[in-house]
Each structure stands twice: as structure tokens, then as C-alpha cells.
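Single-structure report; data block below.
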């Protein structure tokens, strides 16, 4: 397998303009949702050119859809008329966790779905049972073993559903299951993430009957069929947050273009303000600046509108440059402290005890070789490399490619010294 490395050197404050990519966590469920349309061509715009999107497109093709992606235009066209294979093979599903979003669409199109496992980042306990058990509540027959989940459609009917935790993928999967299921389905404790609202917006445009999105209680009335649509993927709030933190860690001034991303930041915007980062929005443009010293922070990750767990690693990198002690408590993923050991290699004073991580900032970082243990750890290490003395080599860089598009082009345009190698 090809090894990807990112090499980063400090080059001073980042300045200029950066375009925020389309949202990974909206594009993936939208690609899956496009399979629900038996006729016509679904056109998705602002689709990010990232590895997970390419894998989702390949999975759509494997089940029988025609999918034409134009990365230069960030345009994806999907014709799902010929979807016929119920198998979601392990060769793809174990490469990205978004593959689980294909469960309900393939079930509806084929009458059954055979799912051979899910992958993505190693973030501790992230069970799939709430996905397929929800399908069981709607009347599907579930068979599982150590390697495979086999779901057969049977006589599906609307039912009350409850999520133990408001997972955005769980919510999206159950909504996609309910839209073509006869009767009324009520999903309690549904996720509030803006990406969920965007998926609901697309499904509604396709003809689905959905109310309550954004309230935690979603009601779906099943319809007989959905039709293809044209839809634009929202900007990626995590990508925007990373760009903002990259600006802050270098003390720069960067204009972010790509929608009103500040509205989607939730608590992250307040935490950046507390650290001394200014965010000034005018329409679809947000100016990020940091002129004074960074202040330490106390962060507890939570579901939206709480602080997004995906922004915890880059914020931890930012905290290494704040004079004082910062505290991080992770409530979403029980293995989200993968950055701690890697930052320590760079000279950061950071420790984790399983419940919290503590960063004593203000100490110089020294470039060395570190490992991107997951997507967000990888981009956090890139940020640390922007201020470390010498060269920071981020190995396993393919993890970064899973979620951030055009990293080299966008960062070098802002003045960063960063290259990507394939060995």
C-alpha cells in the first residue's frame, strides 16, 4: 500500500483567502440517499474531493448505480435506476465508516442488504447495533455474526424509534429507512447536527415527508417513491474550524469563503473567542484573526450544538501555544486522545488519564516524525507542525486525505510550508 506523508515547516503567520470545502458528513449520506431514487439523475454540487467520497462513489457503483464524479467542478451525477446488488463488501466498508449509511437505501432497493463490516478512524466503541436494530423495529429481519449483518426487508411498517445517543449517522440511516416505509415513524433523541438538517432538506426535495428536523423528535410519513434532484452540499464546519485554528496557531489573518460557517460552529465559536481568536462574519465570508497571545481553554466535547469532537484534536494543538493549562474532556469517542502521545513527541507538555487530557501550553515544539492515528489527529499534527521548530513529518497521511481536500494547495496559498509525499 502506498505510504503518504505530510512534511510541514513553520513559515510564519497564515494570510490570505481559503475556500471551505463541501461537508464530508453531508456528502456521504447524500450519496447514499441518491440510491433511493429509482428514476432520473441526482446531481450533487460542492462534493469534496476526499478519499471517503471516492470510496462512497465506488460503493454506489458496486451495488449497480452509475456515478460520474468531476472533482475539478466538485460535481457528482448519480443514476440509481439499475441498483440491484444487496452486498456491501468488506473490501470497501472496512475502509470508511460512512459505508453504514448505505444500509437503508440498499435495503429499500434490493429487499435485503448484506453488510460486511465498517471501518474509518479507530475511535473506540462505535457500535452499529442502533443502526440495524432500528431497521428491525420497522419490521426488517436481522441476522448477524462476527463479520456480517444481513437485513431482509419483510413487511416494513412505521414505528416509534429511539436512539440511545443522538448519533448523526444513526439518525440519517433511520430517516432514510423511514421515508419509503408505509406509515408514520417517530425518531426520538435524534441528532441536531446541521448536516442532518441538510440531508433532510435533500430528502424533502426528493419528495419525502419529514417534520421536526432540528428538534430532537423527527416524524416521517412514508411515501411510495422518491425522485432525483439537484442539491448543493453545505460547507464543512470541521474544515472551516481547522482553517480557523491554523490561522490562530500562526497568529495570522485569513478570510474563509464558503457559506455562513460561523452559524454551524456551535460552542466552537465561543471557545475560539475565549482563546483570543476573532471571527467576523459578513454574509458568506468569515475573517479569522488573532493578534494577542492565546489563552488556555477548558473544553468538553458533546453532540451539536456542543463542542464538536472532530475539532478537539486541532484545538488541542492550538492549546499547546496558549500560556497556561488547558483541559479537554471527551464525551463522544472513548479513544479520541490519540493526539496526546504524538504532541508529546513534538515536545508538548500534554497528558491524558482516560477521562481528560491536560495541556500545559506555551512550550516550544520541535519537529520530528509523528503518526496520524486517525483523520482528526492527522490534521491536528499538521497544525502543530506550522509552529514547530524544524520539520514535522506526519506519516500515515492517507488518514488526512479521508476528510480534507486540497490541503497542499489551500495551505500553501496561505503561506504555509507543506508538501505531500507518496512513497
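We did not get these values from a lab; they are worked out from the coordinates using the rules stated. Everything numeric here is computed off the predicted structure, so don't read it as measured data. Cβ: placed from backbone, ideal geometry, glycine included. Neighbour counts: every protein chain shown.
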- DSSP beta bridge pairing in the chain, given as percent antiparallel to the nearest 5: 70 percent
- For labels at residue 284 and residue 162 in the simple 7 Å Cα→Cβ model, what's the distance in nm? 4.3 nm
- Over the chain, what relative contact order in percent results from Cα pairs under 8 Å that are six or more residues apart? 21 percent
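Given the rule -39500 (n - 2.57) for each run of at least 4 DSSP H residues, summed and divided by the residues of the chain, what is its mean residue ellipticity at 222 nm, to the nearest 500 deg cm²/dmol?
Calculated from helices alone, the mean residue ellipticity at 222 nm is -8500 deg cm²/dmol.
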- Note on the structure: So, with points 7 Å from each Cα along the Cβ direction, the residue 344-residue 43 label distance in nm works out to 5.3 nm
- Task: Work out, step by step, the length gained on full extension between residue 58 and residue 133: first 0.36 nm times the residue separation, then minus their alpha carbon distance; give nm to one decimal.
- Result: 24.4 nm
- Query: Which FRET efficiency value, to the nearest 0.05, do you get for residue 224 and residue 77 by plugging their Cβ-Cβ distance into 1/(1 + (r/R0)^6) with R0 = 35 Å?
  - Reply: 0.90
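Rounded to the nearest 0.05, what FRET efficiency do residue 188 and residue 17 give with R0 = 35 Å and r taken as the Cβ-Cβ distance? Could you check?
It comes to 0.25.
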- Query: For residue 295 and residue 143 in the same chain, what is the full-extension length gain: residue separation times 0.36 nm, less their Cα-Cα distance, in nm?
  - Reply: 49.5 nm
- Note on the structure: Bridge orientation stat for segment 24-232 from DSSP, antiparallel percent rounded to 5, came to 75 percent
- Task: With springs only between Cα atoms under 10 Å apart, run a GNM on the chain and tell me which of 186, 370, 223 wobbles the most.
- Result: 223
- Using mean Cβ contacts within 10 Å as the protection proxy, how do 203-213, 67-77, 374-384, 90-100 order, highest first? 374-384, 90-100, 203-213, 67-77
- Message: Using only Cα atoms and rounding to the nearest 10 degrees, what angle (0 to 90) does helix 51-62 make with the longest principal axis of the chain?
- Response: 20 degrees
- Note on the structure: Pseudo-spin-label distance residue 215 to residue 70, built 7 Å along Cα→Cβ, given in nm, is 4.0 nm
- Mean Cβ neighbour count within 10 Å, used as a protection proxy, ranking 171-182, 188-199 highest first: 171-182, 188-199
- Would you give the gap between the C-alpha center of segment 345-384 and the C-alpha center of segment 191-208, rounded to a whole Å? 36 Å
- Quick one: angle between helix 168-178 and the longest Cα principal axis of the chain, in degrees between 0 and 90, rounded to 10, please. 10 degrees
